[in-house]
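Encoded as structure tokens, the structure appears first; notes follow it.
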Amino acid sequence: MEQSVNIALAETSRGKSLLGRLLRMRETGLILIILALFIGMSFASPYFLTWVNIRAMTMAFAVEGIVVVGMTVLLISGGIDLSVGSVTALSGVIAGWLFLQGIDPWVAAAIAIFACTAIGSFMGFFTTRIGLHHFIVSLAVMVIARGICLLATGGRPIGLYTLPPEFKFIGQGTIGPIPVVIILFVVVVIAADFMLRRTTMFRKVFYTGSNEKAAAYSGIRTKKVVFLTTTLCSALCGFAGIIYMARFGSAQPTFGLGMELNVIAAAVIGGASLNGGSGSIFGAILGTVLLSVVSSSLALLDVSVYWQDIIRGSILLAAVTIDHFLNKKRG
């Protein structure tokens, strides 16, 4: 009898411990907030839970979510990239311009992604070899890339009406009921999450971000890690820009204005630290979903666009403040 009581107490204790861990997980809190928003908005607006609105929300965060993946890995390594919006726009402009010159759209897309990857390498060189801070380098590249977009297009969108259907398929097609954009997004997320958690190379990203000097003393080539994460972030921006071009059949030189705010906010809300060393792909994607749901809710409630900016900025400030106190607690 006494043994049965002890077993029951042990099982209860394990159950409470598991529940406690779940409640302490940042991702659990985000899921609960998202569910609460869904329930609240389903009463506040009859359009929120419609297939059209859910599809629009999903399509919107899928393209941006690919950039969030790159930003999350970069933040974990201790870096940051303010140029993501401009580089994403530049990818579409390069591919669109090359296509209009008669180059096959797939080749043009590959060249555009390669160009964005080269930009990431350029930033990685300045941060790891010259010793400049990520913030300054990416700020300069943000302005340069946007300037090239506006110079090449005269500030006007490039209409790509003759794009072949097989190319538009990656942005507009569906496999069954699921848009191809969503499938591409999920593939990127799964691949990045697997590499970050299961491969030795990407585990070094955490060590580098936690303490770069200690990681270097332990034999990790930290500059190489930072260089690769910076390059990866820009490469994913290039990929996202191509999907955007295929989705809308045009290249917008002003696309991605303010994207860096949303992308950094999503990653930080999801648990990525601005001081490096922590974060997860799953958490960052939940952060992206949360911001997308908030944006959709504000639009459906007819909140002024000016107030929307104020609210998004406030969410970012709250996320950074929480991150600051969590870092102090961790010491």
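Expressed in Å, the radius of gyration and Dmax of the Cα atoms of the chain are 21.6, 84. Helices in the chain, meaning DSSP H runs of at least 4 residues, each add -39500 (n - 2.57). Divided by all residues, the mean residue ellipticity at 222 nm is -26000 deg cm²/dmol. D by Stokes-Einstein for the stretch 87-127, Kirkwood Rh over Cα pairs, 4 °C, 1.567 mPa s: 125 µm²/s.
Of the residues 202, 220, 269, the one whose Cα sits farthest towards the positive end of the charge dipole of the stretch 173-331 is 220 (charges of +1 on Lys and Arg Cβ, -1 on Asp and Glu Cβ, taken about the Cα centre). Once both labels are positioned 7 Å from their Cα atoms along Cα-to-Cβ, the gap between residue 213 and residue 321 label points is 3.2 nm. Between residue 130 and residue 103, the contour length at 0.36 nm per residue exceeds the alpha carbon distance by 6.1 nm. Annotation: for a label point projected 7 angstrom from Cα along Cα→Cβ of residue 195, residues of the stretch 80-96 with backbone N closer than 19 Å are 80-81, 84, 88. Taking 263, 226, 141 in turn, the Gaussian network model of the chain (Cα-Cα springs below 10 Å) assigns the largest fluctuation to 141.
Accessible area per residue was computed with a 1.4 Å probe on protein heavy atoms; residue 187 scores about 90 Å². Label zone of residue 27 (point 7 Å out along Cα→Cβ, amide N under 14 Å): in the stretch 241-277 this covers 270-272. Surface composition of the chain: carbon plus sulfur atoms contribute 69% of the solvent-accessible area (1.4 Å probe, protein chains only, all chains present). Normalised per residue, the accessible area of the chain is 51 Å², obtained with a 1.4 Å probe and no contribution from ligands, DNA or RNA. Legend: residues 218, 273, sorted from most to least accessible area (1.4 Å probe; ligands, DNA and RNA excluded), read 218, 273.
The values are calculated or read from the model by the stated rules, or taken from the named source; none is laboratory data. Computed from a prediction, not measured in an experiment: that's the story for all the values here. Every residue, glycine among them, receives a Cβ derived from its backbone with ideal geometry; neighbour counts consider all protein chains shown. Accessible surface areas use protein heavy atoms only, side chains included; no ligands, DNA or RNA. Shrake-Rupley method; radii C 1.70, N 1.55, O 1.52, S 1.80 Å.
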